[in-house]
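Working notes, structure below.
The values are calculated or read from the model by the stated rules, or taken from the named source; none is laboratory data. Note that the coordinates shown come from a computational prediction; the quantities given were computed from them, not determined experimentally. In this analysis, Cβ positions are derived from the backbone assuming ideal geometry, glycine residues included, and neighbour counts consider all displayed protein chains. Remember, those area values only see protein heavy atoms, side chains included, never the ligands or the DNA or RNA. Shrake-Rupley method; radii C 1.70, N 1.55, O 1.52, S 1.80 Å.
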Amino acid sequence: MPPKKDAKGGKDNAKGAKKPAAEEKGAGKEKKGGNSVKVRHILCEKQGKIMEAMEKLKAGQKFPEVATAYSEDKARQGGDLGWQIRGAMVGPFQDAAFALPISTVNNPVYTDPPIKTKFGYHIIMVEGKK
């Protein structure tokens, strides 16, 4: 019995060692920088206020201007959050950010309707991906 277990264990370990190592490398790349976005957002606690901000964007006002006027967080200076990696953002925000195409503040593509998280309501736009 012990030789059979060793033989099976040896085979399993050889196969297992190769597969998890490859999976770990892939996971490491995903977390380190293969999946990061340069993101801006507007955050409002109340849905009514975020909808006002949405109307301003739809009327053609620039994203940074609307963010400065409406956002209720530390990213008031144009809503710029900089580069964020996958796993550093709350779930719904992250899902929306990675789903958005790259756009510019002059011609933004943003989340409509706003995304609800535990922090409030967000209008998100992505300026870059890497």
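Those residues that are among the aliphatic types (A, V, I, L, M) and out of contact with any strand residue (DSSP E or B) (no Cβ under 6 Å at 6 or more places or on another chain), I need them from the range 67-95; list them, please. Ala69, Ala88, Met89, listed by residue number. Report, by residue number, each residue of the range 41-96 that is on the phi > 0 side of the Ramachandran plot and out of contact with any Lys or Arg (no Cβ under 7 Å at 6 or more places or on another chain). Gly60, the sole residue that qualifies.
Of the candidates Phe98, Phe93, the single residue that is aromatic (Phe, Trp, Tyr) and either open to solvent by 30 Å² or more (accessible area, probe 1.4 Å) or part of a strand (DSSP E or B) (or both) is Phe98. Regarding Gln77, is this residue open to solvent by 70 Å² or more (accessible area, probe 1.4 Å) and in contact (Cβ under 8 Å) with a residue 60 or more places away in the chain? When the stated conditions are applied, Gln77 does not pass them.
Check Thr111, Thr117 and return the single one that is crowded, with 16+ Cβ neighbours inside 10 Å, within 17 Å of Gly60 (Cα to Cα) and modelled with pLDDT of 95 or more. Outline the logic, then answer.
Working: Thr117 fails: within 17 Å of Gly60 (Cα to Cα).
Going through Thr111, Thr117 in turn, just one is crowded, with 16+ Cβ neighbours inside 10 Å, within 17 Å of Gly60 (Cα to Cα) and modelled with pLDDT of 95 or more: Thr111.
For the range 47-62, check the following and say yes or no: at least one residue is open to solvent by 40 Å² or more (accessible area, probe 1.4 Å), outside any helix (DSSP H, G or I) and modelled with pLDDT under 90. Let's see the steps before the verdict.
Let us first name the residues in the range 47-62 that are open to solvent by 40 Å² or more (accessible area, probe 1.4 Å), namely 47-49, 51-52, 55-56, 58-62.
So of that shortlist, the ones also outside any helix (DSSP H, G or I) come out as 59-62.
When the remaining residues are screened for being modelled with pLDDT under 90, the result is none.
The answer is no, given that none of the residues of the range 47-62 is open to solvent by 40 Å² or more (accessible area, probe 1.4 Å), outside any helix (DSSP H, G or I) and modelled with pLDDT under 90.
Please go through the range 69-90 and pick out each residue that is part of a loop (DSSP other than H, G, I, E, B) and polar (S, T, N, Q).
Of the residues in the range 69-90, the ones part of a loop (DSSP other than H, G, I, E, B) are 71-79, 86-90.
Passing the criteria: Ser71, Gln77.
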